Structures are given as structure tokens and as C-alpha cells.
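Participant: The structure under discussion is supplied below as C-alpha cells; questions concerning it will follow.
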Amino acid sequence: MLHKLCLYYLMLFYLTFTCEKLWLGFQFKQGFRWSFDRIA
């Protein structure tokens, strides 16, 4: 039971980490495009 709970938390942490990385990448791209549009 404890092992299953541990695995569940690990999966949750991994998913959160991946989502955060994707979100940050998206934000960075948006910001980069915005600054590029301002310069051009």
C-alpha cells in the first residue's frame, strides 16, 4: 500500500514538473515573439 502511494506521488510530481516545463517554454516563446515584434 505504501509503495503504491509513493509511486502515485512520484507520478504526480513528474507530471507537475513536465507541465511546468512546457508552460515555461510556451511563455518564453510568447515573450520572445512579442519582443521580436516590437523590435521589427
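Participant: Would you point out the residue of segment 1-30, among those that are part of a helix (DSSP H, G or I), loosely packed, with under 10 Cβ neighbours inside 10 Å and aliphatic (A, V, I, L, M), that is nearest to the chain's Cα centre (by Cα)?
Facilitator: LEU5
Participant: Another question, if that's okay. ARG33 - would you say it is among the basic types (Lys, Arg), surrounded by 10 or more Cβ atoms within 10 Å (Cβ to Cβ) and more than 13 Å from the chain's Cα centre (by Cα)? Step through it out loud before you land on a result.
Facilitator: Details: among the basic types (Lys, Arg): yes; surrounded by 10 or more Cβ atoms within 10 Å (Cβ to Cβ): yes; more than 13 Å from the chain's Cα centre (by Cα): yes.
In short, yes.
Quick note: the coordinates plus some simple rules give every number you see, no bench work behind them. Since this is a predicted model, take the numbers as computed values, not measurements. No Cβ is skipped: glycine too gets one built from the backbone with ideal geometry, and neighbour counts run over all protein chains shown.
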